[in-house]
Amino acid sequence: LLAGWALPAAPGPCPRRGCGEVAALRAMGFSQEQARRLLALQPRLGPEHREAAAAQLLLLGLSTEAALALLERSPALLRLPTERLRERAEELRRLGLDGGRLLRAVSRCPQL
């Protein structure tokens, strides 16, 4: 290397808590504000739970805002094991509950 020249520093871990998770949620389509609200739910949970729950709700056809509203209304969804959450989502799809139909059903029966 020439004198006075240095290689750029390698990117290190993000200094702020949750910024990697925010990036993952943003990649799913959540806005910065929505990702922040989602991170505030069950803050002691690992990121994989929030990401898995959000992903399953998005795969059911919910918008990011609808998925976030559902998780805010029923934060217990975040504590479900990923496999159990996937099974429930598959069952809802099998029953034909996705997108708008799912929103209507959940508004009437939040336990669904």
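The values are calculated or read from the model by the stated rules, or taken from the named source; none is laboratory data. Computed from a predicted structure; not experimentally measured. Using ideal geometry, Cβ is built from the backbone for each residue, glycine included, and neighbour counts are taken over all protein chains shown.
Of all residues in the range 43-61, which are buried (at least 16 other Cβ atoms within 10 Å of the Cβ) and over 12 Å from the mean Cα position of the chain (by Cα)?
LEU60, GLY61
Taking LEU39, is it surrounded by 13 or more Cβ atoms within 10 Å (Cβ to Cβ) and in contact with an Asp or Glu (Cβ under 8 Å, 6 or more places away or on another chain)?
yes
Can you pull out the residues in the range 75-92 that are touching a helix residue (DSSP H, G or I) at 6+ places or on another chain (Cβ under 6 Å) and over 23 Å from ALA40 (Cα atoms)?
Scanning the range 75-92 gives a single hit, ALA89.
Being surrounded by 18 or more Cβ atoms within 10 Å (Cβ to Cβ), hydroxyl-bearing (Ser, Thr, Tyr) and at pLDDT 85 or above, is that true of even one residue in the range 71-90?
No, every residue in the range 71-90 fails to be surrounded by 18 or more Cβ atoms within 10 Å (Cβ to Cβ), hydroxyl-bearing (Ser, Thr, Tyr) and at pLDDT 85 or above.
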